[in-house]
Amino acid sequence: PSSGCIPCRAIMSEPILKRLAPSEIPVIRRDPVDPKARDVASAIVEAVKARGMEAVREYAEKFGEVAPGEDLIIGKAALEKAWSSLDKDTQKMLVRTVHRVRRFAVAQKEALSEARLDIPGGAAGHTIAAVENAGCYAPGGRYPLPSSVIMTVTTARVAGCKNVWAASPRPTAVTLGAAFIAGADAVLAAGGAHAIAGLAYGCGSVGPADCVVGPGNQYVTAAKSLIAGRVAIDMLAGPSECLVIADDSASAATVAADLLAQAEHDPQALPALVSSSAKLIEDVEVELAKQLDVLPTADIARAACKNGYAVLVASDDEAVEISDRLAPEHLEVHTRNAKEVSDRCQHYGGLFIGHGAAEVLGDYGAGPNHTLPTGGTARSCGGLSVFTFLRIRTWLQLTNHKTAAGLVRDAHMLAKIEGLEGHAVAAARRLDEEDAQMIAKTVESAEAALVAHSVPVPKQALPDPTDTSSHMLLALPKKGRLAEMCLKFVEAAGLQYHRRDRLDVAPCTNLPITLVFLPAKDIASFISMGNVDAGITGQDMVAEANCTVNTELELGIGKCALSLQVPEVQGSLTGADFAGKRIATSFPNLTRKFFEPLDKLQGVTTKITDISGSVEAAVGLGLADAVVDLVETGTTMKAAGLCVAENLMKTQAVLISNPHTLHADLVCKIRQRFEGYLTSKKFSLMQYNVPRTLLPEAVLITPGKRSPTVQQLDEEDWVAVSVMVETKQTAEVMDQLKELGATDILLMSLSNCRS
């Protein structure tokens, strides 16, 4: 079969899994942390960091996780009591599951070994040790997840962690029983960002942990991103993913069941099928409909299926290429040659080989861990394992200084080259007297040679303070609306310069930067070739130049679209209808890239004419059948009797730089100043006073760009809050604060800032 979209001959309504061609598959790489969730989590984490158990209890009670006064930390005795309350079958099942997870973790740990290597004068090596304290999070939102408790706590215990604490909101008896049999010291009966912060910073007898692991919702992920660095974390996981590679030997009912098993996790989950059999794809579609009709979690699964897709491929090789491009969390291979296909796959979180290896068995304790990387991050990291809780610690010992002399001399020489005299002295202290004298003579002779060959510097050779040859060159558009907008950024960045009439070069007087005014279309090329260090131009110009530059910052100005514009009477046509026709444009490279696959498909050649101005007039003058040009408001286009048939790309102004610039520090300074200006246009500064008891609710209303600044007032029970608020939301926010009970609410506009 050939690859492409699948005809749905048996499916009359919209398919449950949309049909995509291989080229249409979206990449699943994404930022795992939602910005809004991070803002909310930031305030909560800061509160727990400052007030510990008091803050954790405050949020746990607020979100209904515990009743006022109810125990927030469940100790070993209570865990054992919960275990005893479980029926015998449940206990036996949990024991078996823990045993399988433990055996796998032990095998992983045994795969590691300590190392020792003889070096001149001594030895070096590494030791392996577990972190002392581990915090293990298990979600408890829609359903209790004792399996996550087992996966995390058991693994930490096998690693050798001295203290292991779990956290889970509203833990059921089976969750507490799982914690007991897995070996947890205690369970924190809380969830979300406050539980993660409680594990990291400590609350009561729980924490602080050295490593915090476990899956969770967007607020858990955001909180883990905030504590990362202070403690180790396993990963920043997002919604669950399952990709099934299958051929005509696969069972449609089994494939459908496996896809729904992932879909029922979360409305944002991604179930996907890649198959070389069009019939299997249709059969799976029928099975999905049948199974959804009786699945208790059908509402969630059906929503998740809307994120998914089915793809028809021509070969196993094409299926493997798609899998490696996606790097899915779970990869199932249901083919005749499943092992062979699996061996060719390189990027995945967990691999399930053959028809019998259901992903659900990995979820529920076959041995390998079910906490796996999502969002394409399987290209760079693996899942939770015993290694997550282990540290590799290196050591060095020298016992024979005479034998080590060569090593020490090399260290001394490198230190001198790098200008670190203290390092050189410390190295020399490890030498005996004879070797130390040898180094001293070498240094003296080198210094004498430098003095002997030095000559006075002529006065006229001293640097001219007006010389701009060592300046960073910053390119700006020479004319047009974008040029005017760019000058506002230059002004906001505090660059002081004087541009003489008819000169396109303007040295700055307060920084070693020279402004160069160039045609916007040439800026990217000049920067790529190293003639200019950095500059502002459109993303369309960068793409047209097809050159290598670093995009430092999107500026949010000059937003428009590069579009195929056709006569209004032909507005229902698409780009394919204009393949082989005459196209006028000032973007010949992008236009050629757009039409090349269409030309190849139809066996024609589109004639592309490069014209530099008044592109929209080409159709009216009979020079072209359509044009490719930028559209901002559409006024000029409509005046020429044209309309948009297709958009080639969306574009805006960007700050770009040469990857090899010698002025990276100045490029960074300019980027920071531009970022500050953009932030000041988006945010306003709000200040208000509020009773301390209402602070958590106030912080939820004003989470800030990162988090609010809170200061104690002289009046003991009141605090003052300063916070950045999006300008467009200020009126609504002030109303909410007033209704809450805040007073003295002030709003100040910003002219600039630094993030």
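The values are calculated or read from the model by the stated rules, or taken from the named source; none is laboratory data. This is a predicted model, so every value here is computed, not measured. Note that we place each Cβ from the backbone using ideal geometry, even for glycine, and neighbour counts take in every protein chain shown. Note: accessible area is taken over every heavy atom of the protein model, side chains too, but ligands, DNA and RNA are not part of it. Shrake-Rupley method; radii C 1.70, N 1.55, O 1.52, S 1.80 Å.
Taken over the stretch 69-128, the criterion of being among the aromatic types (Phe, Trp, Tyr) and over 33 Å from the mean Cα position of the chain (by Cα) is satisfied by Trp83 alone. Taking Thr514, is it open to solvent by less than 10 Å² (accessible area, probe 1.4 Å) and either more than 26 Å from Ser680 (Cα to Cα) or part of a strand (DSSP E or B) (or both)? Spelling it out, Thr514 is indeed open to solvent by less than 10 Å² (accessible area, probe 1.4 Å) and either more than 26 Å from Ser680 (Cα to Cα) or part of a strand (DSSP E or B) (or both). Whether any residue in the stretch 393-406 is more than 30 Å from Cys211 (Cβ to Cβ) and crowded, with 17+ Cβ neighbours inside 10 Å is what I want to check. Scanning the stretch 393-406 turns up at least one residue that is more than 30 Å from Cys211 (Cβ to Cβ) and crowded, with 17+ Cβ neighbours inside 10 Å. Quick one: in the stretch 336-356, which of the residues that are crowded, with 17+ Cβ neighbours inside 10 Å and over 21 Å from Asp234 (Cβ atoms) is modelled with the lowest pLDDT? Out of the qualifying residues, it is His355.
Going by the conditions given, is Val231 within 18 Å of His330 (Cβ to Cβ), in contact (Cβ under 8 Å) with a residue 24 or more places away in the chain and among the β-branched types (Val, Ile, Thr)? Taking the combined requirement at face value, the residue does not satisfy it.
The set of residues in the stretch 679-690 being at pLDDT below 90 and open to solvent by 30 Å² or more (accessible area, probe 1.4 Å) consists of Lys681, Lys682.
Every condition in (1) outside any loop (DSSP other than H, G, I, E, B); (2) within 27 Å of Lys559 (Cα to Cα); (3) touching a residue at least 24 places away in the same chain (Cβ under 8 Å) holds for Gly494 except the one numbered (1).
Against the test of being open to solvent by less than 20 Å² (accessible area, probe 1.4 Å) and under 19 Å from Ser586 (Cα atoms), the options Val566, Val490, Val532 yield a single qualifying residue, Val566. Gly125: farther than 24 Å from Ala228 by Cα, touching a His at 6+ places or on another chain (Cβ under 7 Å) and in contact (Cβ under 8 Å) with a residue 60 or more places away in the chain, yes or no? No: the conditions fail for Gly125.
Considering each residue of the stretch 201-215 in turn, at least one proves to be open to solvent by 30 Å² or more (accessible area, probe 1.4 Å), under 13 Å from Gly140 (Cα atoms) and in contact (Cβ under 8 Å) with a residue 24 or more places away in the chain. For the stretch 733-755, a residue qualifies if it is free of Cβ contacts under 8 Å to residues at least 60 places away in the same chain and either within 31 Å of the chain's Cα centre (by Cα) or surrounded by fewer than 11 Cβ atoms within 10 Å (Cβ to Cβ) (or both), and the qualifying residues are Val733, Glu739, Asp744. Here is the figure for the stretch 134-161: residues that are without any contact (Cβ under 8 Å) to a residue 60 or more places away in the chain and in contact with a strand residue (DSSP E or B) (Cβ under 7 Å, 6 or more places away or on another chain) total 3. Of the helices (runs of 4 or more DSSP H) entirely within the stretch 310-418, those holding at least 2 residues that are in contact with a His (Cβ under 8 Å, 6 or more places away or on another chain) occupy 316-326, 359-363, 405-417.
All of (1) assigned to a helix (DSSP H, G or I); (2) surrounded by 21 or more Cβ atoms within 10 Å (Cβ to Cβ) hold for Thr254 with one exception: (2).
Residue by residue, here is whether (1) among the polar types (S, T, N, Q); (2) open to solvent by 20 Å² or more (accessible area, probe 1.4 Å); (3) modelled with pLDDT of 95 or more holds:
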residue	(1), (2), (3)
Asn589	yes, yes, no
Lys593	no, yes, no
Leu601	no, yes, no
Val604	no, yes, no
Ser612	yes, yes, no
Val615	no, no, no
Leu623	no, yes, no
Asp629	no, yes, no
Thr633	yes, yes, no
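Residues that are open to solvent by 10 Å² or more (accessible area, probe 1.4 Å) and either closer than 17 Å to Thr388 by Cβ or among the acidic types (Asp, Glu) (or both) within the stretch 159-196 comprise Gly160, Lys162, Asn163, Trp165, Gly183, Asp185, listed in sequence order. For the residues Ala156, Ala130, the requirement of being open to solvent by less than 10 Å² (accessible area, probe 1.4 Å) and either in contact with a helix residue (DSSP H, G or I) (Cβ under 6 Å, 6 or more places away or on another chain) or at pLDDT below 95 (or both) singles out Ala156.
Taking the stretch 76-120 as the search range and keeping residues that are in contact with a strand residue (DSSP E or B) (Cβ under 7 Å, 6 or more places away or on another chain) and of a type outside the set (D, E, K, R), which one is nearest to Leu396 (Cα to Cα)? Among those residues, the one meeting the criterion is Leu117.
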